[in-house]
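Student: Before I ask anything, let me first share the structure, which is written out below as structure tokens.
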Ligand code: GDP
Ligand code: ZN
Ligand code: ZN
């Protein structure tokens, strides 16, 4: 069940406010920049609009006349025949939004069904009947082999086939193209478009349009009549070159419609794109061609004229969108841009974090030496960031009087004295002077309460090492061996010093801060004002409080104090002051 506080409460985030002209300016620059960008993108890309795709229908009409000159051999005489071709001759109906214009052709006339030799190629040549196979149908060939090898012309022999004879010759497309004048043909494109999402329909030919125009990219960009040669010029191709082998050309009609009433605009943009392989010389099957036949009867025999047609297929591609204002789109856009306002925070945090990193402190960045932002950033960083170490059961902190830093040890001791474990250096937390005022710090003790032992010894007394029980790891001369069982003993094998010298227990402050019964009693009463100080367990309470005083004094931060290990000398000095009546001392236990 949800607690009432959870249901009615609200978790807000606490923030750090940095008063700095430089950072403030940086933030404002970011905010203004973000605002400008968002507004610019909103207006320029019309991101407040709902965009719908276009659907369309296309109808084309090609117009033009071409004259073809052909050499015809009749009655042994060569004659030049001129044929005039019109729309019906050179355009072919195609599926979809495409039309085809013939530009070149190869004709094989008078074909009928009979037996005849194949056209001689490397594949069809033969020397005897053994080179041919009866009933064989090669997909590359034009008919079914009869199994005979017959003379084609002179001494060339090829396999005989049953097919439309004579077989079509394998020839290159004529150069120049026979209908190269097709470049002057024109095509009229009728395009009706519909935006079903916006319920809007329009077309490219509006009522008042001059229908005798010709499209020109700059002078007449709305004219729907295109000269084929011009289309190729736009894409940088030469019509007469493409006309020889044929090709595929795309006519793109782009509708970018703004259907808002206050800025209505919906006219097509035409552009062209060569869609087939331009490098005709290198490609395997260059150009675009197909075959078709005209059938007729002559003397009751079915005959046909086979025409291999080369030409240009024009594909008309209609695409585009229609946009109209939509409040939902606007809200979605504004919502999606809100995160950009966080950029300033990300960037400034990045600066603070980088310039206070150890890399920066090591003066690798040349800027640190000139403008010195490190110190300031480091200050911000300290305020911003609270480092936390995972509270593992193996975590311990130790502090030596002769070292300025604290050591963090995060591993099992495995019988090794704590004194000898190296650990990792961590900086001592900065001193908080407000804490000091809470302590009864007068260097003059209150008058001793009668009946209570006078605890303070002269503090500067010389330590006389009792060399007999002094453990080998002790450097101060005041440590004692641990009482703990063998397994945990190493935890208490810690001296107050790293190098030989005076013990911390001989310092004046040790007596004042840690051993002062009066001060400890005050602290206990501070926590529990009605505590009976004469009770039996008071000594234990005072002792634990003294441990706490020592760790707070030497380690500063509460997080560290919980895991701080007392040196043996301090531990035994405190225990001597506030002894346990019976039984063994239990020693340090990790709070986790
Ligand atoms: P006890 O009074 O018989 O239990 O034995 P101790 O005098 O050793 O006190 C044990 C209590 O003091 C436990 O709560 C320990 O966590 C705490 N304590 C003992 N030694 C240390 C130490 O080195 N560091 C810290 N932070 N606490 C200690
Ligand atoms: Zn010692
Ligand atoms: Zn010591």
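Just so it is clear, none of the values below were taken in a lab; they were calculated from the coordinates. Note that the coordinates shown come from a computational prediction; the quantities given were computed from them, not determined experimentally. So basically every Cβ, Gly included, is an ideal-geometry build from the backbone, and we count neighbours across all protein chains shown.
Student: How big is the range 244-317 in terms of Cα radius of gyration and Dmax, in angstroms?
Tutor: 21.3, 73
Student: What is the Cα coordinate range of the range 466-541 on the first, second and third principal axes, sorted by size from largest, in whole angstrom?
Tutor: 45, 32, 19
Student: Oh, and also: With the crude spin-label approximation of a point 7 Å out along Cα→Cβ, what separation in nm comes out for residue 586 versus residue 205?
Tutor: With each label placed 7 Å out from Cα toward Cβ, I get 10.1 nm.
Student: While we're here: Can you tell me the orientation of helix 373-384 relative to the chain, as the angle in degrees between its alpha-carbon axis and the longest Cα principal axis, to the nearest 10?
Tutor: In the chain, helix 373-384 runs at an angle near 80 degrees to the longest axis.
Student: Ok, one more. Quick check: residue separation of residue 558 and residue 526 times 0.36 nm, minus the Cα distance between them. What number comes out in nm? Mind dumping the intermediate values first?
Tutor: Working: separation 32, 0.36 × 32 = 11.52 nm, distance 1.78 nm.
Gain in length upon complete extension: 9.7 nm.
Student: Then there's this: Compute the FRET efficiency between residue 175 and residue 45 as 1/(1 + (r/R0)^6), taking r as their Cβ-Cβ distance and R0 = 51 Å, and round to the nearest 0.05.
Tutor: Values: r = 50 Å, r/R0 = 0.98.
Computed FRET efficiency for residue 175 and residue 45 comes out at 0.55.
Student: Pairing the Cα long axis of helix 21-44 with the longest principal axis of the chain, what angle in degrees results, from 0 to 90 and rounded to the nearest 10?
Tutor: With both axes taken from Cα atoms, the answer is about 20 degrees.
Student: Separate question: Exposure proxy check: 478, 557 ranked by fewest other beta carbons within 10 Å? List each step's numbers first, then the result.
Tutor: Values: 478 25, 557 17.
Ordered from fewest to most neighbouring Cβ atoms within 10 Å, 478, 557 come out as 557, 478.
Student: Roughly what would the spin-label model give for residue 384 and residue 82, points 7 Å off Cα along C-beta, in nm?
Tutor: In this crude label model, residue 384 to residue 82 measures out at 8.8 nm.
Student: Would you mind ranking 218, 124, 201 by Cβ crowding within 10 Å, fewest neighbours first?
Tutor: Working: 218 5, 124 24, 201 11.
Going from sparsest to densest Cβ surroundings: 218, 201, 124.
Student: How big is the antiparallel share of DSSP beta bridges in the range 209-356, given as a percent to the nearest 5?
Tutor: Values: 19 of 31 bridges.
If I count the DSSP bridges inside the range 209-356, around 60 percent turn out antiparallel.
Student: Which order do 265, 518, 19 fall in if you start with the one that has the fewest other Cβ atoms within 10 Å? Can you show the working numbers first?
Tutor: On the way: 265 9, 518 15, 19 6.
In increasing order of surrounding Cβ atoms, one gets 19, 265, 518.
Student: What does the extension gain come out to for residue 534 and residue 302, with contour length at 0.36 nm per residue minus their alpha carbon separation?
Tutor: Values: separation 232, 0.36 × 232 = 83.52 nm, distance 13.38 nm.
That works out to 70.1 nm of additional length.
Student: Suppose we keep just the DSSP beta bridges with both residues in the chain; what percent of those would be antiparallel, to 5?
Tutor: Working: 86 of 99 bridges.
Counting only bridges with both partners in the chain, antiparallel ones make up about 85 percent.
Student: For the chain, what is the calculated [θ] at 222 nm in deg cm²/dmol (nearest 500), taking -39500 (n - 2.57) for each run of four or more DSSP H residues and dividing by its residue count? Please report the intermediate quantities before stating the final value.
Tutor: Values: 16 runs with 146 residues, N = 592.
Roughly -7000 deg cm²/dmol at 222 nm, from the helical runs in the chain.
Student: Which angle between 0 and 90 degrees, to the nearest 10, do you get for helix 343-355 versus the longest principal axis of the chain when only C-alpha atoms count?
Tutor: That works out to roughly 50 degrees.
Student: Based on C-alpha coordinates, I'd like the Rg and Dmax of the chain, in Å.
Tutor: 50.2, 155
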